[in-house]
Each structure stands twice: as C-alpha cells, then as structure tokens.
Amino acid sequence: MRMYQVDAFTDQLFAGNPAAVLVLEDWLPDDLMLAITQENNLAETAFVKPRPDGEWDLRWFAPAHEVDFCGHATLATAHILFTKQGVDSDLVFHTRVGELKVSKEAEGYRLDIPRLAPEAIESLPPEIASIFLTPPIRIFRNFENYFVDLGSAEAVRSFVPDLAAIAKFGSDGLVVTGADTGDARADFVSRYFAPGAGIPEDPVTGSIHATLVPYWAEKLGRNRLMAFQASARGGWLDCELTEKRVLLTGNAITFMEATIFLPDAG
C-alpha cells in the first residue's frame, strides 16, 4: 500500500507540520489505522477515500486515538490528491466537523474550515492554573481546546509547558497565543500542546485557527491576518475570516513516498 509523508504549512522540507497520507478504496479496521499512525509516530495520519459523488471522506488519527478535526493533515491530503492522484478540481472532504474544502491558489492551497467562536471562561482549570507565571490576558475555549492569551509573542515563545499537567485534560489541548510587534510579519503567534493525544507540541495546527482567527480578528479589528506558529519547526498561515468560515492559505511539500506492508488479514 502506498503512503506519503507531507510537510504542511510550509514550502520547505523539514519545516511546517509533517503528516502521513493514505488514499484508500475503503476504510481499514480502526485498530489497524491507529496502529499505522502509531508506527508513523507523527502528530497525524490521514486516511481518505473517494465517494461516489466525486467528493471525499476523510479521517485523522493521532497516536493515541482518532481525532475530530485536523487542518494540517487535511492540507497534506489535498496536496497528495492534487499532485499524485491526478485531481484537478476543488476538493470537498466530509469529516467529523462537517465539510472542509481545499482549492489551489497561486500562492499555495486555500483551506476552508468552520468558524468556531471562542467561548470565554472565567478561570483556568485547576490542572493548569499554576503553570502560568503571570496572569493571562484572556482565557477561552472551543469544543476541543483551551486557549490562553499571554499578551505578547515573546511570552508565547518563552513559555515552558508543564506537559504532565496538560496531559490531565486527556484528548483536550492547550493553546497559548499573543500579539506580535507592530513591525513583525505576523499579527499573532501561537503554540499548541496536546500530550494527552500523544502530541507534546504540534509544529503547526490548522484546526486551532478556526478559533484563533475569530478571536484576533475581533481584537485587532480586521478580517485578514497573518499567523505564525512558533514551534521549533514553525509555520505560516495566511488567514481570512468570513461570516461563517475561516480561510487558511498555506503551502505543502512532499517528503516521502513509500510502500507499507500490512498484516495478512488471514
């Protein structure tokens, strides 16, 4: 079986966020898809199969379990369908969070994802309340993550996560974010930690921007924003907010094409 590995949200190898992609005729057993993901030891492995209507079903697995929403592996999947599978029209993926769309643009790929409004919360959960040295500017959440505005990009870059504490959330993750300086290329930066899902720090995370973009658009007063995820690998996302959706534009590059050997079902 063919498998691809793609660096997403970057135009350079060994940057952005790597994801594995398998194009299937039909789903493999769930435990086998999880085992492949664990063998890959990447943040996400995407499994995609065609639908009779010309659209696609898409699922994502992290090393610990199947996940509800993954942006960078969606971008990686689109890149493989466009460059290796001969697809030349816009893509529609059916997923746990509804329809996701990807189109080719002059500057890369445009990923169309749901707009998930930030839900303000009054206090941090006790599991992580003590890991912040200074009080956060604002805290909020969506259906799968907690978000903490640390006030500046410098505070985000210097943040030292307590992964054991964050892991107590289970499948939920923690996002820290802050505004960059006025002359910086990025309007805001972020980092994302999900050790309970087997992801200590994710290099670049499309899904968290479904909530970060509405938050920063309101705070900065504009709907076009440039985001940078300040992980060791780093990645750029050109962001646009619409009434119901978030549009993320980024690049992707193929690192590996491989043949994998699966256990004999008999």
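If only one of G198, G221, G170, G234 is of a type in the set (G, A, S), modelled with pLDDT of 95 or more and on the phi > 0 side of the Ramachandran plot, which one is it?
When all the criteria are applied, what remains is G221.
Could you please find all residues in the stretch 3-26 being among the charged types (D, E, K, R) and surrounded by 14 or more Cβ atoms within 10 Å (Cβ to Cβ)?
Across the stretch 3-26, the qualifying residues are D7, D11.
How do the pairs read when you match residues in the stretch 165-188 that are closer than 28 Å to P126 by Cα with residues anywhere that are basic (K, R), using Cβ under 6 Å and keeping only pairs 6 or more apart or on different chains?
These pairs meet every condition: V176/R191.
When I36 is evaluated against the numbered criteria (1) under 18 Å from T254 (Cα atoms); (2) buried (at least 16 other Cβ atoms within 10 Å of the Cβ); (3) at pLDDT 95 or above, which criterion, by number, is the only one it fails?
(1)
In the stretch 178-205, which residues are under 22 Å from D68 (Cα atoms) and in a strand (DSSP E or B)?
Residues satisfying the conditions are S190, R191, Y192, F193, A194, I199, P200, E201, D202.
For the structure I just gave you, tell me whether V87 is part of a strand (DSSP E or B) and β-branched (V, I, T).
no
Restrict the check to the stretch 90-97 and report whether at least one residue is hydroxyl-bearing (S, T, Y), closer than 18 Å to F9 by Cα and surrounded by 15 or more Cβ atoms within 10 Å (Cβ to Cβ).
no
If we keep just the residues of the stretch 52-66 that are aliphatic (A, V, I, L, M) and crowded, with 21+ Cβ neighbours inside 10 Å, which is modelled with the highest pLDDT?
L58
The values are calculated or read from the model by the stated rules, or taken from the named source; none is laboratory data. What you see is a predicted model; the values in this text were computed from it and never measured. Here the Cβ is made from the backbone with ideal geometry for all residues, glycine too, and neighbour counts use every protein chain on show.
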